[in-house]
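Below: one structure, written as structure tokens.
The values are calculated or read from the model by the stated rules, or taken from the named source; none is laboratory data. Just so it is clear, the model here is predicted, and its values are computed rather than measured. All Cβ positions, even for glycine, are placed from backbone atoms using ideal geometry, and neighbour counts span all protein chains on display.
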Amino acid sequence: MLRFIPKIAAAATVFAGVALAAPALAQEAHKTFYLLSHGGPSDAFWIDWNAGATKACDQLKVTCKISFSG
């Protein structure tokens, strides 16, 4: 039984290392979202939409590129 203890300890160490490293490896690359509107930036609806989209992007920690076509 005593000769298995080093093997069990080594396996536990490897398992702990993999378990702790997995979240770091699972992180996704930074995302960018492109938001397109058919209105102008001075339209009252799109002012609120833009503010909400910007706040959501900040909360989600993503990049948002907003384009107005009107």
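This table checks each residue for (1) modelled with pLDDT of 85 or more; (2) of a type in the set (D, E, K, R); (3) at positive phi.
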| position | (1), (2), (3) |
| --- | --- |
| Thr13 | no, no, no |
| Ala22 | no, no, no |
| Asp58 | yes, yes, no |
| Lys61 | yes, yes, yes |
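May I ask you to list the residues in segment 29-46 that are in a helix (DSSP H, G or I) and surrounded by 13 or more Cβ atoms within 10 Å (Cβ to Cβ)?
Trp46
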